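Coordinate-derived values only; no laboratory data. Remember, predicted model here, so these are calculated numbers, not experimental data. Cβ: placed from backbone, ideal geometry, glycine included. Neighbour counts: every protein chain shown.
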Amino acid sequence: MRRSPLLSPLDEQSVHDLVGLMTASRMERGDVLFREGEQGDRLYVITEGKIKLGRTSVDGRENLLSILGPGEMFGELSLFDLGPRTATATAIAETQLLALGNDQLHDVIARHPRVAMALMALLAGRLRRTNENLADLVFTDVPGRVAKALLELSSRFGRPVEEGVLVAHDLTQEELAQLVGASRETVNKALADFATRGWIRLEARAVLLLDVERLQRRAR
Ligand code: CMP
């Protein structure tokens, strides 16, 4: 939580005051917090669990923009540009959140300009990642994108274990395919191929990375 861009620039007392202004909520897997297109009046920080951010096409297909975990923030875009929510936020595990209203956000930015800098750094990081994802969709084949998605999930949710890195991502194979931006069949084929080569081992809603170096090479 303390690492969130909203709180990391603040001293102990200001963190305490700000958290006091935030409202806590709890969600189960599958609960929808808000939908793409709705008006937004608050942002959220995840204290526990995971949130998927997704968009739906006119014909009902889904694409996942990101999976966020503890300490991460979302829902700020519609506060900054006063537009509608750009994605639907759904819990994919038991999740706890803290919400901060628009007025309080403006107040904290006015009193602590370093928070504005931290928020800009977060937005810059997301734009970089989005640019990279866009380039990958054009230039990188599906197995390369699958390798990259596994490594990115690992940087968020990975935990070192004896055989490698255990990534408890909580995603179904369908959701993993939506994150990669390819069909479930193609993504499953890539995963099965990685498993046959001994680079990964598939587990329920988790994957064990056995050879990170090979995955990194495949992701390039
Ligand atoms: P908002 O548009 O209010 O609601 C959806 C949220 O998803 C958005 O704010 C951002 O916080 C987050 N979001 C949108 N696009 C991306 C992206 N490409 N990567 C990570 N997070 C995103």
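Brief remarks follow.
- By the rule of a C-alpha distance below 19 Å, with chain neighbours fewer than 8 residues away ignored, the lysines paired with Lys189 are Lys148.
- Cα gyration tensor category, rounded, prolate or oblate, for the range 90-195 with a/c compared to 1.5: prolate
- Helix 184-196 axis versus longest C-alpha principal axis of the chain: approximately 60°, rounded to the nearest ten.
- Using a Förster distance of 35 Å, the FRET efficiency for Arg214-Glu38 (Cβ separation, nearest 0.05): 0.25
- Local electrostatic count at Thr86 - Lys and Arg +1, Asp and Glu -1, tallied over other residues with Cβ under 12 Å: 0
- FRET efficiency for Ser14 and Ala124, using Cβ-Cβ distance with R0 set to 25 Å, rounded to 0.05: 0.60
- Quarter the surface of the alpha carbon convex hull of the range 126-171 and you get the mean projected area, 3.8 square nanometres.
- A compact globular protein would have a Cα radius of gyration near 2.2 N^0.38 Å; the ratio found for the chain is 1.07.
- Overall form of the range 55-133 per C-alpha gyration tensor (a/c, 1.5; a/b vs b/c): prolate
- Assuming charge only on the beta carbon of Lys and Arg (+1) and of Asp and Glu (-1), the dipole of the chain about its Cα centre is about 620 debye to the nearest 20.
- Burial order of peptide ranges 117-123, 93-99 (average beta-carbon count within 10 Å, highest first): 93-99, 117-123
- Helices in the chain, meaning DSSP H runs of at least 4 residues, each add -39500 (n - 2.57). Divided by all residues, the mean residue ellipticity at 222 nm is -13500 deg cm²/dmol.
- Between 0 and 90 degrees, the angle of helix 102-111 with respect to the longest Cα principal axis of the chain falls at about 80 degrees.
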